[in-house]
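Have a look at the structure below before the remarks.
Read-outs: derived from the displayed coordinates by stated rules, not from any lab. In this text the structure is predicted, and so the values were computed from the model without any measurement. Don't worry about glycine lacking a Cβ; one is built from the backbone with ideal geometry, like all the others, and counts go over all protein chains shown.
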There are 2 protein chains.
Amino acid sequence: MPAHPKAPEGADAAAWETLSRAMSELRALAGVSGLLGWDQETYMPPKASAARGEQVAAIEGAIHDRLASAEVRGALERLEAHPPEDADRAAAVRELSRDHAQAAAVPGALVRAIARAQSEGLEAWRVARQGEGFGRFAPALSRLLELRREQAAALLPVLGRPGGGPAPEPYDALLDLSEPGLRVVALEPLLRGLCAWLVPLLDRITARPPPDDSFLHGTFDGEAQWRFTLELLDLMGFDREAGRQDRSVHPFTVGLDPSDVRITTRIHEHLPLSAAFSTLHEAGHGLYEQQLPAALRQTVLCAAASNGLHESQSRLWENQVGRSLPFWRVALPRMARHLPQLSGVSPERFFRAVNRVERSLVRVEADEVTYNLHIVLRFELELLLLRGKLEVRDLPAAWDERSERLLGIRPPGEVEGVLQDIHWAWGAFGYFPSYTVGNLYAASLFAAARRALPGLEGAIERGELSGLKEWLGRNVHAVGRRRQAEEIVRAVTGQGLTDRDLREYLERKYLGELA
Amino acid sequence: MPAHPKAPEGADAAAWETLSRAMSELRALAGVSGLLGWDQETYMPPKASAARGEQVAAIEGAIHDRLASAEVRGALERLEAHPPEDADRAAAVRELSRDHAQAAAVPGALVRAIARAQSEGLEAWRVARQGEGFGRFAPALSRLLELRREQAAALLPVLGRPGGGPAPEPYDALLDLSEPGLRVVALEPLLRGLCAWLVPLLDRITARPPPDDSFLHGTFDGEAQWRFTLELLDLMGFDREAGRQDRSVHPFTVGLDPSDVRITTRIHEHLPLSAAFSTLHEAGHGLYEQQLPAALRQTVLCAAASNGLHESQSRLWENQVGRSLPFWRVALPRMARHLPQLSGVSPERFFRAVNRVERSLVRVEADEVTYNLHIVLRFELELLLLRGKLEVRDLPAAWDERSERLLGIRPPGEVEGVLQDIHWAWGAFGYFPSYTVGNLYAASLFAAARRALPGLEGAIERGELSGLKEWLGRNVHAVGRRRQAEEIVRAVTGQGLTDRDLREYLERKYLGELA
């Protein structure tokens, strides 16, 4: 596809010019918003929270106003009536049209009310976790639920019906914000099918004695861990001239531009895997951001296709690569140079240790087998909430019941149960499924990469990761938003969202290699 | 003055509400702009420059549009016709009106043309300094001069005539952006009078043998210097929970909000005074930002009154405090704890060494006696440029001639001469005088502080700096923009902009204490 599409003429050209200016400015403002978030979690002084809240609101307001403006609507209408011949321009009009419709559908007052309710929700959630319990959080959560339902109702009329399926429901409108085109009607049976083989697989694995990971106990110098994570970044081909790594409590990635991608990691002196896997995960996100189509940076197309596809990149590097034996054959000697107490450990022992599977209560610490069951639990609950079939006050009991059923373990308290995630505290219903979508895409994309790149495992073992990085860049990252996530995956793997490859991957690994 | 002024009624109340929202958003956007600048000089990855340029342009554009908007104009007209009774609101209307008039007077196309010319100017200046010479910079400088003249012409009609003086000239319009209310007609004779006693004073001082500063030669551990600067911040009462210090090539201060003030310093292992005085200087700026009237943060009043008044705060802490004997009686033992090679040095010897005066070529390295002569040189030249009485191509020769006349020294090359400052490279004509205004206000304010706070020197010697910090907070910082800079100074010192106190300070110090 050409980087500089040729110009249409007359009124169409003027309309394109208008959209082009708007998209360029919106991209810049999105980058600014990213910087505000990054700074807040890394360097912002503690007393600055209130002022930062106003700054974020001002930028989000400016983005909303620009996106929903009559000027943008007029130019879009012109170009929807006369679609540009150039494929990239047509795609840009389609995606901007989607963003515009969503922004215009939700009244500014509701946007502001949600922003306020999010602040209150986060505050109430923090206090609830510090000992006051779910009852302290429930009113704020109810308010967020009510506002999100209003938002969903406002979005439903502009929601597409892919494949001419049944009329969408409110949850679909929220799900679509994370995974454009994905609907409950497709997601629900997929997750049901996933559970059907995942639960028995977990039973089989956990019936075996756990691997020996005694060498991971002890104290591991924080500065040495940090230097190892920088070596991992270089190994993966993350460009540290077009990005950087810092420390934060909760690791995250934010791409201000392909030339400015910030990731964070966390260092625990007693958990030497934490920093390494955080870095692998976030740098997986980071490579997506660095390899976006920079030539299209003046359009909405220079962005990821969905949250789930983004997550697939982090999970692929963290799990398919980062929890493989070939990877630790190259990485462990390097890690041991920084942390000499690991120098007696063989890659095989290390490989087993980083693949320890257990029934755990906390999602963010879950292994790759259990993880999706945590997501199913949350999806089931928030779907019931949105459908009005579960009251907020009944949420803790429903959580514990599902935890027992799905994970085989009951939380000892709310902090390890219904209060564990921050997502609902900012009203992010419909977001969790993206994590499982990411795990599924990761397995499918890695299976395709293995087919496309013969000798991939040998290359990984030699530390040659550029082939995989470039393959992902070409087939996934550089597409940007020109296609929807599922189309991008289908073009590479020949199939859409499926649990087949994840099943094959997990069974091969846990019933084969690690048996 | 009340923090929450009472509300007027009806249409006036609605107009105030409109302005209030706009001011609140403008303040937030100004904070965002500050963060973009801070990040650019501290943590931004090198490849991100182009994207950052677009982000800055988007924010500056949003600020300009909001400020110049018809909505703001309408509300201002209403409240100018019916001025609020409350003094703070009336002041807010006056100051916003000034900002609006300036923004509205300059066409958006000119604003963008200046932004582009600034990028080109900075690039050309860098290349010129790297060996290509002034001829490489001259075309970009000519273009900037032309655009600034256009800007000045656009601003002249909205420029106030304080005291009913003569019609303003183009230079006044640019000067007014840094020093509201200051005019060439007042500045020129002031600077002439300053030179009349400063040049002979410099002659007398430099006729003496220089003080011994041999103990400042050698290598001084960078980390230890850094820890000492943090101790200086705590000594000054800079709140590190509402701000932070980082490293940058050129030290600077940016206040995103009174709760979020960022300063930087630079560490040279062979110049142990560099970090200490950079920190004192920037933290002086920082205290101004931290002590702004936070209760008025939703208005334009929560900001400094002028660049010169801001500079007075940095210079007061750097020079009147930081180059005094009482200060080093408390600070040197602390410095020597971090840098043990200084432990044999007496405060008296140190005091002499940090007050070494010499004819130097570079403004930013100049001592407090010579410094203002560097400013006079630049003011004379840029006034001639703006008046069309000096051509850009003749600037290098004019620089060298004035350097010899004012400083008694001729630059060996352009890098130490006409190309030394970055200011003209971004077309900042009319900015330099603020440095001298700052030096004059610093001397006047410190003289007033000594009168108001008996035993101030003893307090400094004991490390009790909070009295001075609070006095400045009360009398200068917390006023914000409620009054113009000169009024703020006059209310404390009984006089406006004058060189009398600086002369007294320098003569007392260099002909008395240090004779």
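What is region A:10-172 by shape, rounded, prolate or oblate, if you read a ≥ b ≥ c off the alpha carbon gyration tensor as root eigenvalues and call it rounded for a/c under 1.5, prolate for a/b larger than b/c, and oblate otherwise? Because a/c hits 1.5 or more and a/b fails to exceed b/c, region A:10-172 counts as oblate. Between the Cα long axis of helix B:10-42 and the first principal axis of chain B there is an angle of about 40°, rounded to the nearest 10. The equivalent ellipsoid that matches the C-alpha gyration tensor of the protein assembly as shown spans semi-axes of 56, 35, 29 angstrom, in descending order.
Of all DSSP-defined beta bridges confined to chain B, some 45% are antiparallel rather than parallel.
Peptide B:32-45 is shielded by partner chain Cβ atoms: per residue, an average of 5 of them sit within 10 Å of its Cβ.
Taking the centroid of alpha carbons for each part, region A:241-320 and region A:391-436 are 26 Å apart. Sorted shortest first, the distances from the B:Glu365 label point to those of the same residue in the other copies are 5.7 nm; each point sits 7 Å from Cα along Cα-to-Cβ.
What's the angle, to the nearest 10 degrees (0 to 90), between helix A:108-127's Cα axis and the longest principal axis of chain A? Tilt relative to chain A: about 20 degrees.
Rounded to the nearest 5, what is the percent of antiparallel bridges among the DSSP beta bridges in the protein assembly as shown? Within the protein assembly as shown, antiparallel bridges account for around 45 percent of the total.
For q = 0.10, 0.13 Å⁻¹, what log10 I(q)/I(0) does chain B give under the Debye formula with an equal point scatterer on each alpha carbon and no solvent? Taken in order of the listed q values, log10 I(q)/I(0) reads -0.84, -1.48.
In chain A, the longest principal axis of the Cα atoms and the axis of helix A:325-338 are about 80 degrees apart. Each residue of region B:374-388 was assigned a 3J(HN,Hα) from its phi angle through the Karplus expression (A = 6.51, B = -1.76, C = 1.60, θ = phi - 60°), giving 4, 6, 4, 3, 5, 4, 4, 5, 6, 5, 4, 4, 5, 7, x Hz with x at Gly and Pro. Taking the fewest neighbouring Cβ atoms within 10 Å as the starting point, the ordered list for B:Cys302, B:Cys195 is B:Cys195, B:Cys302. Pick out, in residue order, every one of the GluC sites (Glu not before Pro) in region B:179-250 that is DSSP loop and has at most 15 other C-beta atoms within 10 Å; say none if there are none. Passing both the DSSP loop test and the Cβ count: B:Glu241. Each Lys and Arg contributes +1 and each Asp and Glu -1, all at the Cβ; summed about the Cα centre of chain B, the dipole is approximately 480 debye. Of the peptides A:433-442, B:467-476, the ranking by mean beta-carbon count within 10 Å, highest at the top, reads A:433-442, B:467-476.
Residues of region B:272-288 falling in the label zone of B:Arg227, defined by backbone nitrogen less than 19 Å from a point 7 Å along Cα to beta-carbon, are B:272-277, B:279.
Peptide packing: for B:294-301, A:268-275, the average count of neighbouring Cβ atoms within 10 Å per residue gives the ranking B:294-301, A:268-275, highest mean first.
Once backbone amide H atoms are built at 1.01 Å from N, A:Arg247 has A:Thr265 as its partners under 5 Å, excluding neighbours fewer than 5 places away on the same chain.
Working from Cα pairs under 8 Å separated by at least six residues, relative contact order for region A:203-332 is 21 percent. Relative contact order of region A:10-172: 19 percent, from C-alpha pairs under 8 Å at least 6 residues apart in sequence. Of B:Ile267, B:Ile375, how do they rank once you tally other Cβ atoms within 10 Å and put the fewest first? With the sparsest Cβ surroundings first, the list reads B:Ile267, B:Ile375. Here region A:180-195 is scanned for amide nitrogen atoms under 20 Å from the site 7 Å beyond the Cα of A:Arg483 along Cα-to-Cβ, giving A:180-183.
Averaged over the residues of peptide A:239-246, the number of Cβ atoms from other protein chains lying within 10 Å of each residue's Cβ is 3. Model label sites at A:Arg451 and A:Val362, defined 7 Å from Cα along the beta-carbon direction, differ in position by 3.9 nm. Across the options B:Leu497, B:Val261, A:Val330, the greatest Cα extent toward the positive end of the charge dipole of the protein assembly as shown (unit charges at beta carbon of Lys, Arg, Asp, Glu) belongs to A:Val330. Under the criterion of Cα pairs below 8 Å and six or more residues apart, the relative contact order for chain A equals 18 percent.
Computed about the Cα centre, the dipole magnitude for region B:208-359 is approximately 400 debye when only Lys and Arg (+1) and Asp and Glu (-1) carry charge, each at its Cβ. Taken one residue at a time, the phi angles of region A:469-481 give Karplus couplings (6.51, -1.76, 1.60, θ = phi - 60°) of 4, 6, 5, 5, x, 5, 8, 10, 5, 6, 6, x, 9 Hz. Gly and Pro are set to x. Placing unit charges on the Cβ atoms only, positive for Lys and Arg and negative for Asp and Glu, gives region B:10-165 a dipole magnitude near 640 debye about its Cα centre. Considering helices alone, the calculated mean residue ellipticity of chain B at 222 nm is -19000 deg cm²/dmol, with DSSP H runs of length four and up weighted by -39500 (n - 2.57) and normalised per residue.
Fewest neighbouring Cβ atoms within 10 Å first, the residues A:Arg503, A:Arg192 line up as A:Arg192, A:Arg503.
Inter-chain Cβ neighbour count for B:52-63, averaged per residue, equals 6 (cutoff 10 Å, partner chain atoms only). Between the residues B:Leu76, B:Trp16, B:Gly133, the greatest Cα displacement towards the positive end of the dipole of region B:10-165, with unit charges on the Cβ of Lys, Arg, Asp and Glu, is found for B:Gly133.
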